[in-house]
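In what follows, a structure is listed as structure tokens, so that the remarks can point back to it.
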Amino acid sequence: MALIETINSDIKQAMLAKETDKLKALRAIKAALLLEQTKGENKEIREEDEIRMLQKLVKQRKDSATIYKQNGREEAANEELEEASYIEAYLPKQLSANELEDAIKDVITKVGATSMADMGKVMGVASKTLAGKAEGRAIADTVKKLLS
């Protein structure tokens, strides 16, 4: 089932269950998907694009929550974090630190990287293979740690 169909189904369920917070997050996902569909000539959204879009939505919510906390607005921060958790449910399972390190070690051996000069090669392959399974910052930090 495509993500848009899943979201539409979940929106109906959230409406019936009167889950307003979840409904708000689901509508945000649907709006982002519809915007993505209308961007280019191709009306079909690839799975990688869906994952990237969902990650962007989660990051926006977490950044907003951080700003709210800095300004002493705990209730608004909690709302943003709750929305982020609903959105994260549609992302693939995130790798643990050990799993991420093992995956990057595999990439380093495939690419034949030996020093920090090869970081670009490793990041290119790692970003593609680990898309949606780990944040870009975590991938970069792990690559730096392993190559230095």
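Coordinate-derived values only; no laboratory data. If you're wondering where the values come from, they're calculated on a predicted model, not measured in any experiment. Here the Cβ is made from the backbone with ideal geometry for all residues, glycine too, and neighbour counts use every protein chain on show.
Results, tabulated for the structure shown:
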| item | result |
| --- | --- |
| Length gained when the stretch Ile11-Leu91 is fully extended (0.36 nm per residue, less Cα-Cα span) | 27.1 nm |
| Spin-label model distance (nm) - Leu147 vs Ala2, 7 Å beyond Cα toward Cβ | 3.8 |
| Using a Förster distance of 22 Å, the FRET efficiency for Ala131-Lys18 (Cβ separation, nearest 0.05) | 0.05 |
| Of [x] -0.59, -0.75, -1.12; [y] -0.56, -0.76, -1.27; [z] -0.72, -0.88, -1.11, the label for log10 I(q)/I(0) by the Debye sum over Cα atoms at q = 0.13, 0.15, 0.19 Å⁻¹ derived from the coordinates | [z] |
| Two-site label geometry, Ala117 and Glu82: point separation in nm, points 7 Å out along Cα→Cβ | 5.4 |
